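*Asks:* Supplied in structure tokens, the structure appears directly below.
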Number of protein chains: 2
Amino acid sequence: MTDQPDRPPDPPGQHRTAPVSRRRFLGAVGGLTAGAAAVGVPSGMSSLRSPALDRPARDGVEPFYGAHQGGVTTSPQSHTYFASLDVTTDQRGELAELLRSWTAIIANLTSGRPATPMTGDPDRVEPDSGEALELGPARLTVNIGFGPGLFGVDGPDRFGLAARWPVQLVALPVFPGDALSGLNTGGDLTVHACADDPQVAFHAVRQLVRAGAGVTSVRWSQAGFNETLASRGTPRNLMGFKDGTSNPASEAELATFIWTGPEAPAWMAGGTYLVMRRIRVSLEQWDTVSLRSQERVIGRHKASGAPLGKPGELDALDLDAKDAAGRPVIPLDAHVRLASPEENWGVTMLRRSYAYSNGVVEQGDPGRQAPLFDAGVLFASYQRDPRLAFIPIFRALAESDALSRFTTHTGSAIAAVPPAPPHWGCWLGQPLFD
Amino acid sequence: MTDQPDRPPDPPGQHRTAPVSRRRFLGAVGGLTAGAAAVGVPSGMSSLRSPALDRPARDGVEPFYGAHQGGVTTSPQSHTYFASLDVTTDQRGELAELLRSWTAIIANLTSGRPATPMTGDPDRVEPDSGEALELGPARLTVNIGFGPGLFGVDGPDRFGLAARWPVQLVALPVFPGDALSGLNTGGDLTVHACADDPQVAFHAVRQLVRAGAGVTSVRWSQAGFNETLASRGTPRNLMGFKDGTSNPASEAELATFIWTGPEAPAWMAGGTYLVMRRIRVSLEQWDTVSLRSQERVIGRHKASGAPLGKPGELDALDLDAKDAAGRPVIPLDAHVRLASPEENWGVTMLRRSYAYSNGVVEQGDPGRQAPLFDAGVLFASYQRDPRLAFIPIFRALAESDALSRFTTHTGSAIAAVPPAPPHWGCWLGQPLFD
């Protein structure tokens, strides 16, 4: 494990930038530029590196300390890198030390500093691999989650934490259509990095994995992306449909559906639960389906994103609407119907999906069939209780969803995501060990 | 194969935007914004979607028709997706029809249009999968290359093209340290897409693969990335070093080292040769090496990018410099020395490298060792003659380069990249078939 010296508190304000949406953000850039023009910056300088133009994007800082970890309600960044790890030690002290180390590293990285201060000594191994130098924080968030194995679920209680196990943190059941085996499912710790630069996101996970060498081992990991330039609306997934239209957003919704409440143990106050799934989509098969059939599978219009039968993307689903022949306008097996709160005891979850594309893979016996794209959705869901959200919703989807004919789940993890450290000097998960 | 109706010529000027660097480009955005402010756009509108802010980036168009295909000397975009394909038909007419179809698709996509015009008929299968709607051209370039197999090298002359084989298009030899087997090497056709949006780059390759269904089959493919926000200088690779400092750039250098000359057959006039390698870097091993040793492996200073013994990134290599003890300042096995024109008959090539990160892979026997990152460099090199550039340079590197202790080549392709169609109505590779 990397030696992790204490870091001084951050300068006031450095971690206090409020999350801003990408669009507001670019709006702000415009404001700055206009301001610079107004105070007479020569126009010939516009082709030089301009702090007003590239610094705000790279220098965007998301808070690390606070009530919640980042990357949950943070305005979605353009790139992600996720890793699920096993803890290979059975020493409680080593696990706590790892979390202390990770806390310091994440505090540094999210501020745009190296993981650990560079030594400057050429004969030492530098503690940061250096590929994010000059790249700025780029709105990096990294959240850490605790898998069921940390609490001895389905195994020995290695760390004496079984008594503090939250009942919401169940092992995920096997769903129809799962292709989960070997290392692509489970894990004792999750690391979910998001940033507006793919190199910044990967760099962060790499430094944490390095700091965990000897006490952790990566089970599976996956990079993901969304459109990277200024958004013109809800991003489209690789099926060509707008994805993420109806996420909970108000403080009341977040308090009800995402953050833990009185049911949670004290160490999880302000926490949430992550279910991560890598969902391969058979793009080749999807591309053979007519527009009308695709729209009936999803339950929305492809071009506008509106629910079937409605004109606007943000219009509410009308699950009772019938067509002239008396059939449901939104089919009974449409994805949006089965995933809707109306069909799930009023429960919802916060989805932060990214696309992924891993090259091609051979299906079945090698040499028998042309390789197909290994691409689809890296589906991250955050919720107050997976037993009431992801698990029943996804069980209904796996059994009945028209979309499930096109999908295969090839990666899975579940984790309790504790609150962030409230301030410098505290560490991630500390209340669990106190 | 998708039915490919003829497209009308593009509006004048639509394909004529000169390539602009990302930084100049953002400078131009600043100019537009300042202009908008000067003519009195209300400041409250800055948080709305502003054509002056996000349209130039998404709407950046790289030329498709012309002397050369795009993505060679184009100012590097932030993302790439590469695919190497086999041609599975032996019908010359089907191959030509595929290239006609691909030409129309690439002309459309690089202009920000769907691959093929949408039918609007909900009962038909739409010819474009739709995930790049609203994303704009995003400076997309797609170039197509012809592998040795198309000319019957090491196999039957399926298409009657053997007599037109360019002698530069040799099958790559086996190099020490290659881990190339099965489908991760070779291919009859290459597709190299680059764009300032990962979804735009993948979308392009996906549409071409779809249009080739039945006559082609993907062998291997790989996504890559570079820093995505405004550059602050030469990008760093995952080893933390600046990469791409000394590429040929002047028209004279490009004419000498990159584009074909009088030695080429007429159908390759204005063409170039691509060698693509996916190079896995053992990041975990690299991260255990001291700064001094890393710098001696590369031959440059890590922080500044300057050659060892020099202060500035752009300073020329001094391969004769000795230290006080009489030893070479740049070690004899340093990467920059072995790759330098001085050590390679004065020859150089144009490198367009991207980073890649594919998750983790188990090394050796499953379950015996912790999975390690499958990450490194997607190395694209363009050159006038691979026999004088990539092949001898890389042979020396594979045999002697200190860096080769950390690298494994896990993907490979070579292709003749013909010129672009000169104008609408012509198609890619047409002179080869005339």
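*Asks:* R0 = 35 Å: FRET efficiency of B:E362 with A:E399, Cβ-based, nearest 0.05?
*Replies:* Efficiency computed from Cβ-Cβ geometry: 0.60.
*Asks:* Another question, then. Once you place label points 7 Å from the Cα toward the Cβ at A:A324 and A:N344, how far apart are they in nm?
*Replies:* Label-label distance for A:A324 and A:N344, simple model: 3.5 nm.
*Asks:* How many nanometers, to one decimal and shortest first, lie between the label point of B:R368 and those of its other copies, if labels sit 7 Å from Cα toward Cβ?
*Replies:* 2.8
*Asks:* Taking a temperature of 10 °C and a viscosity of 1.306 mPa s, what whole-number D in µm²/s does Stokes-Einstein yield for segment A:317-424 with Rh from Kirkwood over alpha carbon pairs?
*Replies:* Result for D is 94 µm²/s.
*Asks:* What is the sum of charges around A:A264, taking Lys and Arg as +1, Asp and Glu as -1, for the other residues whose C-beta is under 10 Å from the C-beta of A:A264?
*Replies:* Local net charge: -1.
*Asks:* Moving to a separate point now. So what are the ³J(HN,Hα) numbers for segment B:282-296, from phi and the Karplus equation (6.51, -1.76, 1.60; θ = phi - 60°), rounded to whole Hz, Gly and Pro as x?
*Replies:* Per residue, the Karplus-derived 3J(HN,Hα) values read 6, 4, 4, 6, 4, 6, 9, 9, 5, 4, 4, 5, 4, 5, 6 Hz.
*Asks:* I'd like the mean, over residues of B:82-92, of how many other protein chain beta carbons sit within 10 Å of each residue's own Cβ.
*Replies:* The mean count of partner-chain Cβ atoms within 10 Å per residue comes to 1.
*Asks:* Next up: Going by amide H atoms built from the backbone, whose H comes under 5 Å of the H on A:G411, apart from near neighbours?
*Replies:* Placed amide hydrogens put A:R278 under 5 Å from A:G411.
*Asks:* Which whole number gives the average, over all residues in B:125-137, of C-beta atoms from other chains lying within 10 Å of the residue C-beta?
*Replies:* 6
*Asks:* Please compute the average number of Cβ atoms from other chains found within 10 Å of each residue's Cβ in peptide A:216-224.
*Replies:* 4
*Asks:* A further question follows. Hey, how many Å between the Cα centroid of segment A:128-154 and the Cα centroid of segment B:347-361?
*Replies:* Centre-to-centre distance over Cα atoms comes out at 24 Å.
*Asks:* Moving to a separate point now. Quick one: what are the phi-derived ³J(HN,Hα) couplings along segment B:416-431, Karplus 6.51/-1.76/1.60 with θ = phi - 60°, whole Hz, x for glycine and proline?
*Replies:* For segment B:416-431, the Karplus-derived couplings read 8, 9, x, x, 6, x, x, 6, 4, x, 9, 10, 4, x, 3, x Hz, x marking Gly and Pro.
*Asks:* Of the beta bridges DSSP finds with both residues in chain A, what % are antiparallel, to the nearest 5?
*Replies:* 95
*Asks:* Anyone know which of A:L308, A:L99, A:L133 comes out most mobile in the 10 Å Cα GNM of chain A?
*Replies:* A:L133
*Asks:* Checking the cross-link filter: which lysines have an alpha carbon closer than 29 Å to that of A:K242, excluding same-chain neighbours under 8 positions apart?
*Replies:* Partners found: A:K302, A:K310, A:K322.
*Asks:* Mind listing the long-range amide H neighbours of A:T216? Cut-off is under 5 Å, sequence gap 5 or more, other chains count too, H placed in the peptide plane at 1.01 Å from N.
*Replies:* So A:T216 has HN proximity to A:T88.
*Asks:* Kindly identify the protein assembly as shown as rounded, prolate or oblate by the Cα gyration tensor criterion: order the square roots of the eigenvalues as a ≥ b ≥ c, call it rounded if a/c is under 1.5, otherwise compare a/b with b/c, prolate if a/b is larger, else oblate.
*Replies:* Rounded, because the longest to shortest axis ratio a/c is under 1.5.
*Asks:* With runs of 4+ DSSP H residues as the only contributors, calculate the mean residue ellipticity of chain A at 222 nm using -39,500 (n - 2.57) per run, divided by the residue total and rounded to the nearest 500.
*Replies:* Per the formula, -6500 deg cm²/dmol.
*Asks:* Relative to the other copies, what are the label-point distances for B:A162, with labels 7 Å from Cα along the C-beta vector, expressed in nm at one decimal and sorted shortest first?
*Replies:* In ascending order, 7.3 nm.
*Asks:* Go through segment B:325-332 residue by residue and turn each phi into a ³J(HN,Hα) via Karplus (6.51, -1.76, 1.60, θ = phi - 60°); whole Hz please, and just put x for glycine and proline.
*Replies:* Each residue's phi maps through the Karplus curve to give 8, x, 8, x, 5, 9, x, 5 Hz.
*Asks:* To continue, here is another question. Between A:V174 and B:E251, what is the FRET efficiency for a Förster distance of 51 Å, r being their Cβ-Cβ separation, to the nearest 0.05?
*Replies:* With a Förster radius of 51 Å, E is 0.25.
*Asks:* Another question about this same structure. Label segment A:280-354 by shape, choosing from rounded, prolate and oblate, from the square roots a ≥ b ≥ c of the eigenvalues of the Cα gyration tensor; if a/c is under 1.5 it is rounded, and otherwise prolate applies when a/b is larger than b/c, oblate when it is not.
*Replies:* Note, shape of segment A:280-354 comes out oblate.
*Asks:* Where is the GNM fluctuation largest for chain B (alpha-carbon springs, 10 angstrom cutoff): B:V205, B:V360, B:V215?
*Replies:* Answer for the Gaussian network model of chain B: B:V360.
*Asks:* Follow-up question, since we're still on this one. How many angstrom separate the Cα center of segment A:94-127 from the Cα center of segment B:191-214?
*Replies:* 39
*Asks:* Within 13 Å, Cβ to Cβ, of B:R300, how many net charges do the neighbouring residues add up to if Lys/Arg are +1 and Asp/Glu are -1?
*Replies:* Here the charged neighbours net out to +2.
*Asks:* Moving to a separate point now. Rounded, prolate or oblate for chain A? Axes are the square roots of the Cα gyration tensor eigenvalues, ordered a ≥ b ≥ c, and the cut-off for rounded is a/c under 1.5.
*Replies:* The shape class here is oblate.
*Asks:* Most fluctuating residue of B:L274, B:L314, B:L172 in a GNM of chain B with Cα springs under 10 Å: which is it?
*Replies:* With Cα springs under 10 Å in chain B, the top fluctuation among B:L274, B:L314, B:L172 is at B:L314.
*Asks:* State, as an integer percentage, the relative contact order of chain B based on alpha-carbon contacts under 8 Å between residues 6 or more apart.
*Replies:* Reported relative contact order: 23 percent.
*Asks:* Specify the inter-centroid distance of segment A:227-285 and segment A:371-399, based on alpha-carbon positions, in whole Å.
*Replies:* 10
*Asks:* Inter-copy label distances at B:G312, 7 Å along the Cα→beta-carbon direction, one decimal in nm, shortest first?
*Replies:* Here the equivalent label points are 5.9 nm apart from this one.
*Asks:* Using amide H atoms built 1.01 Å from N in the peptide plane, name the residues 5+ places from B:V417, or on other chains, whose amide H lies under 5 Å from its own.
*Replies:* B:F146, B:T272, B:Y273, B:L274
*Asks:* Hey, rough spin-label estimate for B:T119 and A:R387, points 7 angstrom out along Cα→Cβ, what's it come to in nanometres?
*Replies:* Each label point lies 7 Å from its Cα, and together they span 5.0 nm.
Computed from the coordinates by the stated procedures, all read-outs in this text should not be read as laboratory data. Predicted model only: the values in this text are computed from it and were never measured. Methodologically, a virtual Cβ is constructed for each residue, glycine included, from the backbone with ideal geometry; neighbour enumeration extends over all protein chains shown.
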